[in-house]
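Below: the structure, in structure tokens.
Every read-out reported here was derived from the displayed coordinates using simple, explicitly stated rules and does not represent laboratory data. This structure is a prediction, so every number in the text was calculated from the model and none was measured. Cβ coordinates were reconstructed from backbone atoms using ideal geometry, including for glycine residues, and neighbour counts include every protein chain displayed.
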Amino acid sequence: MFGFKKNKDEDFNLVLEERANFLSILMALMQLLKSSGNNAQSDFIHKLIELFNQNNLDHFVKLINGVDMWGGAGAVWEVYIEDQNKVKEFEKEMLRLISLMEKTKIIGNGIKPIKKIFEDNMKTG
Amino acid sequence: MRVGLGGLVSINNESGGENIDNRNYGGDGSGDMMDMALRVVDVINQFNPIAHLMDNVSFAFTGSDRLGNKMSLGDAWMKSASVFPIGRVGVFGSSAAKGVGSLKVPIYRVYGEGASMYGKSYSLINPKYVPFYRNFAGLPNANSGQYLLKGSIPLRDINVGRWFAAPLNGNTGGLPFELYQNYNQLINPANVILKKPF
């Protein structure tokens, strides 16, 4: 009403510019989760991809910042993957996703500590 | 001035005997057996940590050692170093830290259905004492909350992922000490099936 709230279409321009990157990261994550038996998390990522493809970016941004992605036990970020090569691949993709969320200014609260965990894991190998 | 045992020099004065570096040694400077013994004891006490400790206690109250010799702060530090040698402080400190670090603390994970037992997110807080645990801990929809995994972990291995569960879209968050651990770090893990899922 007073112009405090930005136009959402304008906000999502950055996200749309990075469409290809978002989709490639999400596809990679979905496959890694599926192949490691984390089906619920894989289905969630599939839902995100669908929302993106439908241009339902408002809902997409809500979900990608939500409990299913970054919450407690059972969230995407904290899944158990047995194969260490896949773990590295997964953490690399998660870091790419966080960076992209930062770049497109859609990142919410509580995600940066997780970024640090992944960065530390990558350093220690 | 008199020369006594071991070449120590004493000066007779009213307050008592002094040795070559003008320190009071507790004797009267007479050179008798008792005076000589006190001189010897004083020389030995220059290397005695217990005497240094007593000197430091005396210094704290009077500014002088136990025999009335003026001490500087530097002297006090030197004597403290002999009472608590740095190497020994290190050994004591590290063994105390080891003791504290090996204390085992219980940690918890609520899981079920889409949330596996082996994930990385744990809590230091026992969920049964937290009303609306799902909301405060930020459990995702994939987690049915039917099972509780409890184990313990040495304090030194605790890895705090987030100090508080994040207030993400869909939950309040705020549960303190969200840990990031591996299942294989747990000591005596045990599962409980919950009658009333979280």
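Structure data summary
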| quantity | calculated |
| --- | --- |
| Tally of residues being more than 7 Å from chain A (Cβ to nearest Cβ), within 28 Å of A:H59 (Cα to Cα) and surrounded by fewer than 20 Cβ atoms within 10 Å (Cβ to Cβ) across the stretch B:164-184 | 3 |
| The stretch B:168-188, residues that are out of contact with any helix residue (DSSP H, G or I) (no Cβ under 9 Å at 6 or more places or on another chain) and in contact (Cβ under 8 Å) with a residue 24 or more places away in the chain | B:P176, B:F177, B:L179, B:N182, B:Y183, B:L186, B:I187, B:N188 |
| Unique residue being without any contact (Cβ under 8 Å) to a residue 40 or more places away in the chain and either touching a Cys at 6+ places or on another chain (Cβ under 6 Å) or part of a loop (DSSP other than H, G, I, E, B) (or both) when the list is A:N55, A:N85, A:N121 | A:N55 |
| Residues being touching a Lys or Arg at 6+ places or on another chain (Cβ under 9 Å) and part of a strand (DSSP E or B) - total across the stretch B:148-170 | 9 |
| Number of positions in the stretch A:22-47 that are of a type in the set (A, V, I, L, M), within 13 Å of chain B (Cβ to nearest Cβ) and either crowded, with 23+ Cβ neighbours inside 10 Å or under 12 Å from the mean Cα position of the chain (by Cα) (or both) | 2 |
| Residues being among the aromatic types (F, W, Y) and either more than 15 Å from B:R134 (Cα to Cα) or more than 9 Å from chain B (Cβ to nearest Cβ) (or both) - total across the stretch A:63-89 | 2 |
| Residue within the stretch B:120-132 that is facing another protein chain (nearest Cβ under 7 Å), out of contact with any strand residue (DSSP E or B) (no Cβ under 6 Å at 6 or more places or on another chain) and in a strand (DSSP E or B) present | yes |
